[in-house]
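Before any comments, here is the structure.
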Amino acid sequence: MPKITLPDGSVREYENAVTGLDIAMSISEGLARNVLSVEVDGEVWDAFRPIEKDAGIKLLTWDDEKGKATFWHSSAHLMAEAVEQLFPGVKFGIGPDIENGFYYDMDFGEINLTEADLEKIEKKMKELASQKQTFMREDISKKDALAYFENKNDQYKLELISELEDGEITLYKSGSFTDLCRGPHVPDTSKIKAIKLTSIAGAYWRGDETRQMMTRIYGITFPKAKMLEEYLVKLEEAKKRDHRKLGKELEIFMFSQRVGQGLPMWLPRGAEMRERLENFLKKIQRQYGYKPVITPHIGNKDLYVTSGHYEKYGQDSFRPISTPVEGEEFLMKPMNCPHHCEMYKFKPRSYRDLPVRYAEFGTVYRYEQSGELHGLTRVRGFTQDDAHIFCRPDQLEEEFIKVIEIVLKIFKTLGFQDYTAQISLRDPNNKEKYIGSDDNWEKSESAIINATEKMGMDTITEIGEAAFYGPKLDFMVRDALGRKWQLGTIQVDYNLPERFDLEYVGADNERYRPVMIHRAPFGSMERFVAVLLEHSGGKLPLWLVPDQAIVLPISEKYENYAKNVVDLLQNSDIRTLVDNRAEKIGKKIRDAELSKVPFMLIVGEKEEAEGLVSVRRHGEGDLGQFTIESFVEVVNTRLEEELS
RNA sequence: GCCGAUGUAGCUCAGCUGGUAGAGCAGCUGAUUUGUAAUCAGCCGGUCGGCGGUUCGAGUCCGUUCAUCGGCUCCA
């Protein structure tokens, strides 16, 4: 006689074991149609699995993330079934649901799958889905499970099973396909109405590059055809916002094969924009007591031997630069901290001098793997808005808080409201991956946790994600389309002060070791600008945008007046262009709209006669006529709002 | 680095089964002198990513290499 408690607190009693579907049916038929799975005391179950004991349940539909996950996981099975029918003998790895859809890793042996095959599989899936195949759950002993997949000659499933405990193994069967699976699944395949296999890619078995390369097929499915259409439209929108496309269109940056892969070059409009960002941060840093420093682009190899980076990354980096002196080697600097450590050592430091905060927009070079390069977000040469804070252990938490303030100020100014702060701690079961004493790790981890708590921040904590030298706090932002990007980072480091033998003299005249904080609120200028472009869709804030206004004379007759307007605006520090082409005003407006200039100033007979401009706002339209002075004021007010 | 795909004018793209390149936009020139998202005409522009091969003949087929894209892995 299970007693079932629903989320609203109501309790229903049933005579016998009851399934999620039964419960849904007893509420309404519509709900029963929509239910995908059911959460039973916090665990997601099949909606068709009998509940025998008292439980608190929640019926999951497409509107629940967990319901979606069930839907997509079942879709992965459906795809596997289709593949197995079309390509008998294919072996299966894993096929989970993901944030947007699902994938399945499969070993096709000698067969080379092409995009055209995706359509075939898709078609087969639709056929199978419409057969309304039910999913069946079956508990199976380890022995029987091994025997089953032994028979199928699927070494991947055998490997997975070998790692499972007897008694916790289940199979799911739908149509002709049986899979090792924890579940849960949707009641039947007919719920899967719209199917799109999106891409095909290679993926190492269990993410290990020394192991078999499998074929991964990504797909997404929906319960309604319209949802798929909307999703595809959203994908198109995302493509339009791609910073690689916008960077080209807006002339922000470029790459050249001849210069080299992953080596971005900032075009004038991009370089000016970057300078504005840098100046904005420099001003804040001055207020927070940072001192600018400048260091060279290369450093002696010994510097990185001392820092420990050479040992860890030397083999995967740009090769050292040799000199006429036998045995002398330099490295392109992969980070700025070793240089800054040496600067700390320039003179003896007193406890009164700390914290010392050295800031530098430092360009660094890292040999990223070629397949990993991606626009401005992943490059081989980039500029960090780097700074290193050398402080006493008792100052650590306070300094950490101040850095967080800077990061939050930047995010606020640039409109990244939706961010996640992730605390990355070390994996206590895998301590040999990290350097530094247990004691130091504990101290720095608690400093980060305390600082975020005092700032009242929402954080997520990831165990095992720390850098090898210390824990960190990373800021991830979501862009307008919900994609996640890592930007700012704050990292505690007890290791480099040790390796560089950094010291300060305490009040008791004893020598002590300072703590170091690495921090970069933007992360890198390249990545930040990339994210900013995608976040804004190229409609940059007025204070950053390359050209703030463009004057559009109606005809040649008003060119002189247009020139006057440009001069006046430039004198008021408004970045202004003029379009003097012999084109009609409609064409000039169209081109200006496409190039995303925030303000278009149309000038013709009326404007010249009365000393006015007709203002059109990008994406909004005509704002009416303004005097030059009042337009300047509109711009300045807007700038103040943005930077306040 | 690995798997797969792609690579034609500054940009976006066409070019069927091999017969020696084409459009729109941009640019230039001229005409037009224009009132809130494309005025018209003419012209310029490509050793079809590079190298090698097959062939009477290759943008089209093969090999190789470089770059880009989608993933995997990695990210001081």
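Quick notes on this structure:
- Any hit, region A:280-299, residues being touching a Ser or Thr at 6+ places or on another chain (Cβ under 9 Å), of a type outside the set (Val, Ile, Thr) and within 13 Å of RNA strand B (Cβ to nearest atom): no
- Residues satisfying the stated conditions in region A:565-584, i.e. over 41 Å from the mean Cα position of the chain (by Cα), at pLDDT below 95 and surrounded by 13 or more Cβ atoms within 10 Å (Cβ to Cβ): A:ASN580, A:GLU583
- Any chance A:ARG258 is over 28 Å from the mean Cα position of the chain (by Cα) and within 15 Å of RNA strand B (Cβ to nearest atom): yes
- Screening region A:89-133 for residues that are out of contact with any His (no Cβ under 9 Å at 6 or more places or on another chain) and among the hydroxyl-bearing types (Ser, Thr, Tyr) and picking the one that is nearest to A:ILE217 (Cα to Cα) gives A:TYR103.
- Residues (touching a helix residue (DSSP H, G or I) at 6+ places or on another chain (Cβ under 7 Å) and within 16 Å of RNA strand B (Cβ to nearest atom)) located in region A:79-102: A:MET79, A:VAL83, A:VAL90, A:LYS91, A:GLY93, A:GLY95, A:PRO96, A:ASP97, A:GLY101, A:PHE102
- In region A:114-138, the residues that are touching a helix residue (DSSP H, G or I) at 6+ places or on another chain (Cβ under 9 Å) and either aliphatic (A, V, I, L, M) or closer than 12 Å to A:ALA80 by Cβ (or both): A:ILE121, A:LYS124, A:MET125, A:LEU128, A:ALA129
- Among the residues of region A:542-597, the ones that are closer than 28 Å to A:THR413 by Cβ and not aliphatic (A, V, I, L, M) come to 13 in all.
- Against the test of being surrounded by 16 or more Cβ atoms within 10 Å (Cβ to Cβ), of a type in the set (D, E, K, R) and either more than 30 Å from A:ARG511 (Cα to Cα) or touching a Cys at 6+ places or on another chain (Cβ under 9 Å) (or both), the options A:ARG274, A:ARG349, A:ARG319 yield a single qualifying residue, A:ARG274.
- Among residues of region A:543-562 that are assigned to a loop (DSSP other than H, G, I, E, B), those with a Cβ under 7 angstrom from a residue that is among the small types (Gly, Ala, Ser), sequence gap 6+ or separate chain, pair up as A:ILE554/A:GLY604.
- Selection within region A:480-501 - of a type outside the set (S, T, N, Q) and surrounded by fewer than 21 Cβ atoms within 10 Å (Cβ to Cβ): A:ALA480, A:LEU481, A:GLY482, A:ARG483, A:LYS484, A:TRP485, A:PRO497, A:GLU498, A:ARG499, A:PHE500, A:ASP501
- For A:LEU544, the criteria (1) more than 15 Å from RNA strand B (Cβ to nearest atom); (2) more than 25 Å from the chain's Cα centre (by Cα); (3) surrounded by fewer than 22 Cβ atoms within 10 Å (Cβ to Cβ) hold in every case but one, which is (2).
- Assessment of region A:409-419 against the conditions (away from RNA strand B (no atom under 16 Å from the Cβ), part of a strand (DSSP E or B) and touching an Asp or Glu at 6+ places or on another chain (Cβ under 8 Å)) yields no matching residue.
- Some residue of region A:528-537 being within 31 Å of the chain's Cα centre (by Cα), in a loop (DSSP other than H, G, I, E, B) and either at pLDDT 95 or above or more than 8 Å from RNA strand B (Cβ to nearest atom) (or both): yes
- When A:GLU230, A:GLU311 are checked against the criterion of being within 12 Å of RNA strand B (Cβ to nearest atom), exposed (fewer than 14 other Cβ atoms within 10 Å of the Cβ) and assigned to a helix (DSSP H, G or I), A:GLU311 stands alone in meeting it.
- A:ILE401 modelled with pLDDT of 90 or more, assigned to a helix (DSSP H, G or I) and surrounded by 20 or more Cβ atoms within 10 Å (Cβ to Cβ): no
- Among residues of region A:335-349 that are within 16 Å of A:CYS391 (Cα to Cα) and of a type in the set (Ser, Thr, Tyr), those with a beta-carbon under 9 Å from a residue that is assigned to a helix (DSSP H, G or I) and within 15 Å of RNA strand B (Cβ to nearest atom) at least six positions away or on a different chain give the pairs A:TYR344/A:PRO497.
Listed here are the residues, each with its yes/no results for (1) touching a residue at least 60 places away in the same chain (Cβ under 8 Å); (2) of a type in the set (Val, Ile, Thr); (3) assigned to a loop (DSSP other than H, G, I, E, B); (4) closer than 30 Å to A:LYS234 by Cβ.
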site	(1), (2), (3), (4)
A:GLY456	no, no, yes, no
A:ILE460	no, yes, no, yes
A:ASP474	no, no, no, yes
A:VAL477	yes, yes, no, yes
A:VAL492	yes, yes, no, no
A:GLU498	yes, no, no, no
A:LEU502	yes, no, yes, no
A:ASN509	no, no, yes, no
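- Taking (1) at pLDDT 90 or above; (2) charged (D, E, K, R); (3) part of a helix (DSSP H, G or I); (4) at positive phi in turn, A:ARG269 satisfies each apart from (4).
- Verdict on A:LEU601 being of a type in the set (A, V, I, L, M) and touching a residue at least 40 places away in the same chain (Cβ under 8 Å): yes
- For region A:362-386, a residue qualifies if it is part of a loop (DSSP other than H, G, I, E, B) and under 16 Å from A:MET254 (Cβ atoms), and the qualifying residues are A:LEU373, A:GLY375, A:LEU376, A:THR377, A:VAL379, A:ARG380.
- Here the strands (runs of 3 or more DSSP E) wholly within region A:569-644 that include at least 1 residues being touching a strand residue (DSSP E or B) at 6+ places or on another chain (Cβ under 9 Å) and within 10 Å of RNA strand B (Cβ to nearest atom) are A:599-603, A:612-617, A:621-627.
- Hey, A:PRO598 under 22 Å from A:PHE280 (Cα atoms) and either small (Gly, Ala, Ser) or buried (at least 17 other Cβ atoms within 10 Å of the Cβ) (or both) or not: yes
- Being under 22 Å from A:PHE468 (Cα atoms), surrounded by 17 or more Cβ atoms within 10 Å (Cβ to Cβ) and touching a His at 6+ places or on another chain (Cβ under 7 Å) is a property that does not hold for A:CYS341.
- Selected residue (only one of A:LYS53, A:LYS66 is surrounded by fewer than 18 Cβ atoms within 10 Å (Cβ to Cβ) and within 29 Å of the chain's Cα centre (by Cα)): A:LYS66
- Restricting attention to region A:422-442, the residues that are more than 18 Å from A:GLN491 (Cβ to Cβ) and part of a strand (DSSP E or B) total 0.
- Odd one out for A:ASP438, checked against (1) at pLDDT 90 or above; (2) farther than 26 Å from A:ARG274 by Cα: (1)
- Boolean, A:GLY506 is in contact with a strand residue (DSSP E or B) (Cβ under 6 Å, 6 or more places away or on another chain) and within 12 Å of RNA strand B (Cβ to nearest atom): no
The values are calculated or read from the model by the stated rules, or taken from the named source; none is laboratory data. Please read all numbers here as calculations on a predicted model, not as lab measurements. Using ideal geometry, Cβ is built from the backbone for each residue, glycine included, and neighbour counts are taken over all protein chains shown.
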